[in-house]
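First up is the structure itself, then whatever we jot down about it.
The values are calculated or read from the model by the stated rules, or taken from the named source; none is laboratory data. Predicted, not measured: the structure shown is a model, and the values here were computed from it. Because the Cβ atoms are built from the backbone with ideal geometry, glycine has one as well, and the counts that use them run over all protein chains shown. Note: accessible area is taken over every heavy atom of the protein model, side chains too, but ligands, DNA and RNA are not part of it. Shrake-Rupley method; radii C 1.70, N 1.55, O 1.52, S 1.80 Å.
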Amino acid sequence: MADSRVAIVTGAARGIGAATAKRLAEDGFAVAVIDLDEKQCADTVSAIESGGGTALAVGCDVSDAGQVESAVDRIAAKLGGPTVLVNNAGVIRDNMLFKMSEDDWDTVMNVHLRGSFLMSRAVQKHMVEAKWGRIVNLSSTSALGNRGQANYSTAKAGLQGLTKTLAIELGKFGVTANAIAPGFIATDMTKATAERVGMDFEDFAKAAASQIPVARAGQPEDVANTVSFFVDERSGFVSGQVIYVAGGPKV
Ligand code: NAP
């Protein structure tokens, strides 16, 4: 285990990222809370601080190489070298293929794939130096294919390939890389999908739950708990894996 216990969670102003940042703080990490707008990170940071933890709000667009480099440098200077990275920042630009614009495609690729690549590249030096690290990438059940999500499902499948390659390249430095592929999780992202298909969110979540074996929608904490497992010191022999956190075996 590294001396410094510093974690970075991207897209942590809300949803799964916020729950993960809080959980890693409970697990004893100082947490850098990255999101597009630093001010939007205030709620997550104050929740961590009021629980006695340490957190730093960092505004950064993960798809911008310069912003990523300076964000990681700032985090290392303020909190210590980061040895845990959760690539969670994400966007959706859903549309059927014939209506999908190039911008819809590029935006999704840039945030999920380029963002996870840039963040991993910037943080790996601290992990290699510490001879310990944990990378967790947020994939999705959409990686298996989902109507209206050609861009998103491609990006989420790509993240599984990135995860396995990072596991192979970084393993000898004590670094594991794993992915979590959530099913339906109640957040602003699924609220936006409900809105797009013209459904009330409660009805939308109920309809989703009726297809899920454990008969409920997932919560951000369900994903945060799985992140906590991967990050645990005792999970060092688990690498290059994808766990579907979807309330059942099928999606
Ligand atoms: P969310 O509520 O929409 O939160 C995503 C966060 O990422 C937002 O705070 C957003 O900031 C931030 N973000 C977007 N682009 C960014 C960028 N370029 N740089 C930095 N931050 C950026 O989403 P969520 O539901 O918690 O999802 C979190 C992750 O889990 C995503 O990768 C998503 O694809 C994945 N996932 C979610 C579900 C689900 O059912 N919810 C299922 C499977 C996988 P702004 O608010 O400023 O845009």
Exercise for review: Sort out which residues of the stretch 62-100 are open to solvent by 50 Å² or more (accessible area, probe 1.4 Å) and assigned to a loop (DSSP other than H, G, I, E, B), and write them in order of number.
Suggested key: ASP64, ARG93, MET96
Exercise for review: Look through the stretch 48-61, keep the residues that are touching a strand residue (DSSP E or B) at 6+ places or on another chain (Cβ under 9 Å) and assigned to a loop (DSSP other than H, G, I, E, B), and return whichever of them is most open to solvent (accessible area, probe 1.4 Å).
Suggested key: THR54
Practice item. Mind listing whichever residues of the stretch 54-108 are within 22 Å of ARG23 (Cα to Cα) and basic (Lys, Arg)? Key: LYS78
Point to revise | From GLY183, GLY145, GLY171, residue being touching a Ser or Thr at 6+ places or on another chain (Cβ under 8 Å), at pLDDT 95 or above, surrounded by fewer than 16 Cβ atoms within 10 Å (Cβ to Cβ) and over 29 Å from GLU69 (Cβ atoms) | key: GLY145
Practice item. Answer with yes or no whether SER235 is polar (S, T, N, Q), under 20 Å from ARG5 (Cα atoms) and in contact with a strand residue (DSSP E or B) (Cβ under 8 Å, 6 or more places away or on another chain). Key: yes
Review point. Are there any pairs, at least 6 apart or on different chains, whose C-beta atoms fall under 8 Å, with the first in the stretch 156-168 and of a type in the set (Val, Ile, Thr) and the second at pLDDT below 95 and open to solvent by less than 40 Å² (accessible area, probe 1.4 Å), and if so, which?
Key: none
Practice item. Could you pull out the residue among THR83, THR20 that is in contact with a His (Cβ under 8 Å, 6 or more places away or on another chain), closer than 28 Å to THR107 by Cα and in contact (Cβ under 8 Å) with a residue 24 or more places away in the chain? Key: THR83
Exercise for review: Identify all residues within the stretch 181-211 that are more than 8 Å from the ligand (Cβ to nearest atom), outside any helix (DSSP H, G or I) and aliphatic (A, V, I, L, M); write none if there are none.
Suggested key: VAL197, MET199
**Study point:** Test: GLY59 is away from the ligand (no atom under 13 Å from the Cβ), more than 15 Å from the chain's Cα centre (by Cα) and not hydrophobic (A, V, I, L, M, F, W, C)
**Key:** no
Practice item. Scan the stretch 122-136 for residues that are in contact (Cβ under 8 Å) with a residue 40 or more places away in the chain and open to solvent by 30 Å² or more (accessible area, probe 1.4 Å) and report the count. Key: 6
Check your understanding: So which of THR176, THR154, THR163, THR193 is within 20 Å of MET109 (Cβ to Cβ) and open to solvent by less than 20 Å² (accessible area, probe 1.4 Å)?
Key -> THR163
